[in-house]
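Please read the structure below before turning to the comments.
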Amino acid sequence: MALGLFLAVAALFSSGCGDLSNDELNRGVESLSALAAQGQLVASGVARDATKSTYARVMSRTLGEEAEHEAEKLADATLEEAETEDQRHAAVAVAGEISGLLSELQTYPGDEHHGALVQKHLEEAQEKADAIVAQLSGDAP
Amino acid sequence: MKVILKIALGIIAAIGGFLDIGDLVFNTQAGALYRYDLLWAVVLGTIGIAVYAEMSGRVAAVSGRPVFDVIRMRLGFGFGLLALIASTLVNLLTVAAELGGIAIVLELLFDAPYNMFVVTGAIALVAIVALLPFGGLERLFGYGGLALFVVVATVFHQNPDWGDVAHGFVPSLDSSTLYLYFVVGVFAAALMPYEVHFYSSGAIEEGWTEENLKENRLNAILGYGIGGVLSVALVIVSGYLFHPLGVEPSDLGTVALPMQGAFGETGLLLALGGMFFCVGGAAIDSSFAASYNLAQFLGWEWGRYQGPRKAPRFTASWLVFLLLGIAIAESGINPVEITEYSVVFSVVALPLTYLPVLLIAGDRSFMSDHANGRIAATLGWLYFAVIIVLSLAAIPLLLATNGGGG
């Protein structure tokens, strides 16, 4: 019984989700904002010379791959609401930006100067992601 | 002096066995999403595991029977088999998640491929189990796990608003399914069935008798209590740092970030080291628990103390569980996802594990003067009611929240 239940749930999770709804697009962009925030914390450790370079490198790589995956997901999906096309494009660009910055951190995990720069740029990328979320939820000025 | 040392070692062993990848992941995610609001659920889970660990240790010490022996005796072959299948699946997922956790920590420390570390980590565990006696295993992982006290130090370094923290210990219910999913997750992470399977079988391995009952009670209360303090600390540091930034911790490495923020490289290394020993200890506990259950149910000779010659099927099954764990961990599924499934599915198996323990621990004809008193019986039945509710809610919540993804 437990095995059957497990397989049923596993099948459900691997079955794909169809078109991208506004909510799902919103959640995807929120994930980008969260990745940028996490990246800033890793970059802050590099900037303050307060981390281990292997840790910074592996974390940057992992987070960068997640941003890339999010970008692919957003770029490939068909939108349920065509009027959010601009936000989708902007989100894909932000995802690429975050992924690129994390890749830079991965290359220079022991360089304090690079760490500070990446931290600053990730902060800007997070602001862009938050602005897209605000537009999607109708909270933008 | 010898008694004090023994109790101290038992407490340390309990800490090492309590905090595993499930606690690290769910508590950190709970803090990031809901700040301190789920602290009450951590306390609820910690008291629950202490209550049931004390009972299972007492039954083992008085009757010489570990949990799975009791399950088959009390529930009969059919239900016993169901319990065996359910707990074996959960234990297997747990072994895979813990092996994946070991590999992630080693990858963060040495930046070599994850897949390589899954295998080398498992080989290292086999070597450690082959070389050390049972008590030595507990001590190694227990002492190592103490490095995670850096999380408690981080709480004081962050100096959060203590009023807000205190408010989190007051139970509150949010109607969102994601909140309820995390209530189930945090509670279940504390009550993973392998913990009592291992604890009671460990009591038999160490030859506990009625003379060890005081030690058993202290281990359960202080050991799991201190483990609970570490879990609470994980929620607080995550709530303090991650919640305002909107960080969604989806990687084991993220758990160490608050300690890096507070104490730099030293904090980071202590956190990663503590995580390594806790997760490593849990990999041994859960893989042993899986083979203990199988051997006890089928009536094989079992026990680390017997050695591979006297208990060949037990030893072989342990190696098979490790190999299957390696295969799952190497499959490419994120260990954090495996952890989430193993924790949530474990809730479904909880009633089958804890009901027989509760029944036998309260049976005067079996336990005579050591049967459950009023407090143990009341707490036991209260917790069993909670377990039933959560086991019914676990799968629907997993589906409704898309595995906690919201």
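The values are calculated or read from the model by the stated rules, or taken from the named source; none is laboratory data. These numbers were taken from a predicted model, which means no experiment stands behind them. With ideal geometry, Cβ positions are generated from the backbone for all residues, glycine too; neighbour counts draw on all protein chains shown.
Could you list, in sequence order, all residues of the range B:117-166 that are surrounded by 14 or more Cβ atoms within 10 Å (Cβ to Cβ) and without any contact (Cβ under 8 Å) to a residue 12 or more places away in the chain?
Answer for the range B:117-166, where residues must be surrounded by 14 or more Cβ atoms within 10 Å (Cβ to Cβ) and without any contact (Cβ under 8 Å) to a residue 12 or more places away in the chain: B:124, B:132.
Show me the helices (runs of 4 or more DSSP H) found entirely inside the range B:303-406 where at least 1 residues are within 13 Å of another protein chain (Cβ to nearest Cβ) and more than 26 Å from residue B:82 (Cβ to Cβ).
Result: B:335-361.
Could you list, in sequence order, the residues of the range B:255-276 that are more than 8 Å from chain A (Cβ to nearest Cβ) and either over 20 Å from residue B:326 (Cβ atoms) or surrounded by fewer than 24 Cβ atoms within 10 Å (Cβ to Cβ) (or both)?
First, the residues of the range B:255-276 that are more than 8 Å from chain A (Cβ to nearest Cβ): B:255, B:258-259, B:262-263, B:266-267, B:270-271, B:273-276.
Residues satisfying the conditions are B:255, B:258, B:259, B:262, B:263, B:266, B:267, B:270, B:271, B:273, B:274, B:276.
For the range A:29-77, name all the residues that are away from chain B (no Cβ under 11 Å) and not in a helix (DSSP H, G or I).
A:77
Considering only residues of the range A:107-126 that are part of a helix (DSSP H, G or I) and in contact with a Ser or Thr (Cβ under 9 Å, 6 or more places away or on another chain), which is surrounded by the fewest Cβ atoms within 10 Å (Cβ to Cβ)?
A:107
Inside the range B:13-71, can you point out the residues that are under 30 Å from residue B:104 (Cα atoms) and among the polar types (S, T, N, Q)?
Within the range B:13-71, B:27, B:28, B:29, B:46 qualify.
Considering every residue within the range B:175-183, establish whether at least one is in contact (Cβ under 8 Å) with a residue 24 or more places away in the chain and of a type in the set (S, T, N, Q).
Within the range B:175-183, one or more residues are in contact (Cβ under 8 Å) with a residue 24 or more places away in the chain and of a type in the set (S, T, N, Q).
Consider residue B:260 against the criteria (1) assigned to a helix (DSSP H, G or I); (2) more than 18 Å from residue A:42 (Cα to Cα): it satisfies all of them except one. Which criterion is unmet?
Every listed condition holds for residue B:260 apart from (2).
Given (1) buried (at least 19 other Cβ atoms within 10 Å of the Cβ); (2) among the aliphatic types (A, V, I, L, M); (3) farther than 25 Å from residue B:142 by Cβ, identify the lone condition not met by residue B:289.
The one condition residue B:289 does not meet is (3).
From B:311, B:256, which residue is in contact with a helix residue (DSSP H, G or I) (Cβ under 6 Å, 6 or more places away or on another chain) and aliphatic (A, V, I, L, M)? So that I can check it myself, show each step before the final result.
Working: B:311 fails: in contact with a helix residue (DSSP H, G or I) (Cβ under 6 Å, 6 or more places away or on another chain).
Exactly one of B:311, B:256 is in contact with a helix residue (DSSP H, G or I) (Cβ under 6 Å, 6 or more places away or on another chain) and aliphatic (A, V, I, L, M), namely B:256.
Please determine, by comparing only the residues of the range B:71-90 that are more than 13 Å from chain A (Cβ to nearest Cβ) and of a type outside the set (A, V, I, L, M, F, W, C), which one is surrounded by the fewest Cβ atoms within 10 Å (Cβ to Cβ). Spell out how you get there, then give the answer.
Just the residues of the range B:71-90 that are more than 13 Å from chain A (Cβ to nearest Cβ), to begin with: B:71-77, B:80.
From what is left, the residues that are of a type outside the set (A, V, I, L, M, F, W, C) are B:72, B:74, B:76, B:80.
Working: B:72: 22, B:74: 17, B:76: 10, B:80: 21.
So, considering only residues that are more than 13 Å from chain A (Cβ to nearest Cβ) and of a type outside the set (A, V, I, L, M, F, W, C), the one surrounded by the fewest Cβ atoms within 10 Å (Cβ to Cβ) is B:76.
With the condition kept exactly as written, say whether any residue in the range A:80-95 is in contact with a helix residue (DSSP H, G or I) (Cβ under 8 Å, 6 or more places away or on another chain), free of Cβ contacts under 8 Å to residues at least 12 places away in the same chain and over 18 Å from residue A:123 (Cα atoms).
Looking for residues that are in contact with a helix residue (DSSP H, G or I) (Cβ under 8 Å, 6 or more places away or on another chain), free of Cβ contacts under 8 Å to residues at least 12 places away in the same chain and over 18 Å from residue A:123 (Cα atoms), one finds none in the range A:80-95, hence no.
If we keep just the residues of the range A:1-27 that are more than 11 Å from every other protein chain (Cβ to nearest Cβ) and in a helix (DSSP H, G or I), which is modelled with the lowest pLDDT?
A:11
Assuming residue A:80 fulfils every condition listed in (1) away from every other protein chain (no Cβ under 11 Å); (2) in contact with an Asp or Glu (Cβ under 8 Å, 6 or more places away or on another chain); (3) under 23 Å from residue B:242 (Cβ atoms) apart from one, which condition is it?
Tallying (1) away from every other protein chain (no Cβ under 11 Å); (2) in contact with an Asp or Glu (Cβ under 8 Å, 6 or more places away or on another chain); (3) under 23 Å from residue B:242 (Cβ atoms), residue A:80 fails exactly one: (3).
For every residue, the table says whether it meets (1) within 21 Å of residue B:390 (Cα to Cα); (2) among the small types (Gly, Ala, Ser).
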site: B:39; (1), (2): yes, no
site: B:67; (1), (2): no, no
site: B:83; (1), (2): yes, yes
site: B:87; (1), (2): yes, yes
site: B:107; (1), (2): no, no
site: B:120; (1), (2): no, no
site: B:125; (1), (2): no, no
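Which of the residues that make up the range B:169-196 are assigned to a helix (DSSP H, G or I), surrounded by 19 or more Cβ atoms within 10 Å (Cβ to Cβ) and either of a type in the set (Asp, Glu) or touching a Ser or Thr at 6+ places or on another chain (Cβ under 7 Å) (or both)?
B:181, B:188, B:190, B:193, B:194, B:195, B:196
Mind listing whichever residues of the range B:292-302 are surrounded by fewer than 19 Cβ atoms within 10 Å (Cβ to Cβ) and outside any helix (DSSP H, G or I)?
Hits for the range B:292-302 are B:299, B:300, B:301.
Out of the range A:21-65, which residues are surrounded by fewer than 19 Cβ atoms within 10 Å (Cβ to Cβ) and over 18 Å from residue A:95 (Cα atoms)?
Scanning the range A:21-65 gives A:21, A:48, A:49, A:53, A:54.
All but one of (1) under 21 Å from the mean Cα position of the chain (by Cα); (2) farther than 19 Å from residue B:136 by Cβ hold for residue B:309; state the number of the condition that does not hold.
(1)
Please determine whether any residue of the range B:237-254 is more than 13 Å from every other protein chain (Cβ to nearest Cβ) and surrounded by 23 or more Cβ atoms within 10 Å (Cβ to Cβ).
Within the range B:237-254, one or more residues are more than 13 Å from every other protein chain (Cβ to nearest Cβ) and surrounded by 23 or more Cβ atoms within 10 Å (Cβ to Cβ).
Looking at residue B:68, is it at pLDDT below 95, buried (at least 22 other Cβ atoms within 10 Å of the Cβ) and within 27 Å of residue B:336 (Cβ to Cβ)?
No, not satisfied.
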